[in-house]
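What follows is calculated from the coordinates using simple rules that are stated; it is not laboratory data. As the structure is a prediction and not an experimental result, all values here were calculated from the model. Ideal geometry is used to build each Cβ from the backbone, glycine not excepted, and the neighbour counts take in all protein chains shown.
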Amino acid sequence: MNEDGRYRDELRSVIGMFVNAIPLRCQLDPQWFLHKLVKNVQEITTNTMKYSYFPLQRILNQHPHTSKPAFLDRSFEFVQYSPQDLHKDVIICDSHLTGMPISIKISEDDTMSKFDFILSIQHDFDMNQLSCTINASLDLFNRETVKQISQRFHFTLNRLSTSIIDNQINKPIYELSLILSDEQYLMQSLNNTQVSFSSASTCIHHEFVYQVMKHPQKLAVELDEQSLSYWELLYYVQVLSSILLNEYHVLPGEVVCQCMERSLSMIIGILSIEIVGGVYCPLSAENPEQRLQNLVEQTQ
């Protein structure tokens, strides 16, 4: 965080650049509520301001083998101002200074900074408004990424203000959603896997056989570099179904557990269990043996 460096009263009237960068270390707990997070950041800032006189270069000299500390890549600035103060006269010793309105247009591409990412917030006392500016290095960020960051930041602030008004602020910060409206629509579209069948009572294996008869040579399942057509998949399903019936004597309604990695064999097993009338029960191969045994016993 940048601080004006005028930590003593006699420095308030001295012309010059006294800005000093103060490193802040904020460790967040996702279980905190917002008011706890704000209080923690406030305490860190207050305690750190006691040492604002300490030059940043002295801190960096303690680590001479580090070319550029990671915390110097990002910066936060908070500026408070009043437009009326810009036109007031300032008396410094025998000098009488008068503010003059001036406007300089600087292109976005011409903005120079030693930081890779800067979040700057300006507080207008007269209008009681906050404005935010984000400056990011074009070598690391493209415009679309910075735009998404700004939209997500604005969305988060809006959600926080709405939660305060609705008295719903007492929730952990990890529950605060950062998903934008267009991203929510995209997720709903991807998760909308509902398929309309000719009859509501159609079973999965009946629909599978119908697709085999309709498109026997079309691609039915694909994983990595492996694939099976509908006809090939039906062949392997019939072979496994025969084994379940003749060797394991699986009865309709009986629970059949399947434990294997994600593969084409998993699909063959699911369809085979459905065809013989069994109840499919998936088990994760990542679980320990004792856990799997307990799950199997619970299905009996």
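Packing around the peptides 230-238, 284-292, 19-27, taken as the average count of other Cβ atoms within 10 Å per residue, puts them in this order, highest first: 230-238, 19-27, 284-292. Rounded to the nearest whole Hz, the Karplus-based 3J(HN,Hα) values (6.51 cos²θ - 1.76 cosθ + 1.60, θ = phi - 60°) of segment 52-59 follow the sequence 5, 6, 6, x, 4, 5, 5, 5, with x at glycine and proline.
If I take R0 = 25 Å and measure r between the Cβ atoms of VAL19 and ASP126 in this structure, what FRET efficiency does the formula 1/(1 + (r/R0)^6) give, to the nearest 0.05? Step by step, r from the Cβ atoms, then E = 0.55. Label point of TYR248 set 7 angstrom out along Cα-Cβ; within segment 269-298, amide nitrogens under 18 Å from it belong to 269-286, 292-298. One chain, two ends: VAL79 and VAL296. Fully extended at 0.36 nm per residue, the span grows by 71.8 nm beyond their Cα-Cα distance. Here r is the Cβ-Cβ distance between LEU178 and LYS214 and R0 is 41 Å; the resulting FRET efficiency, rounded to 0.05, is 0.40. Full extension of the segment from CYS259 to GLN226, taken as 0.36 nm per residue of separation minus the current Cα-Cα distance, would add 9.9 nm.
The string of couplings for segment 232-237 from the Karplus curve (6.51, -1.76, 1.60, θ = phi - 60°) is 5, 5, 4, 4, 5, 5 Hz, one whole number per residue in order, with x for Gly and Pro. To the nearest 0.05, what FRET efficiency results for ASP29 and TYR53 with a Förster distance of 25 Å applied to their C-beta separation? Here the calculated transfer efficiency is 0.25. Charge dipole (Cα centre; +1 on Lys/Arg Cβ, -1 on Asp/Glu Cβ; no other charges) of segment 204-298 amounts to roughly 280 debye.
Would segment 204-298 count as rounded, prolate or oblate if I go by the C-alpha gyration tensor, calling it rounded below 1.5 in a/c and otherwise prolate when a/b exceeds b/c, oblate otherwise?
In terms of gyration-tensor shape, oblate.
Segment 180-194 and segment 224-300 have Cα centres spaced 31 Å apart. Shown for GLU247, GLU254: other C-beta atoms within 10 Å of each C-beta, ranked fewest to most, produce the order GLU247, GLU254. Taking the DSSP beta bridges with both ends in segment 204-298, the antiparallel portion is around 45 percent.
Distances between placed amide hydrogens fall under 5 Å for GLU254 paired with VAL279, all partners being 5 or more residues away or on another chain.
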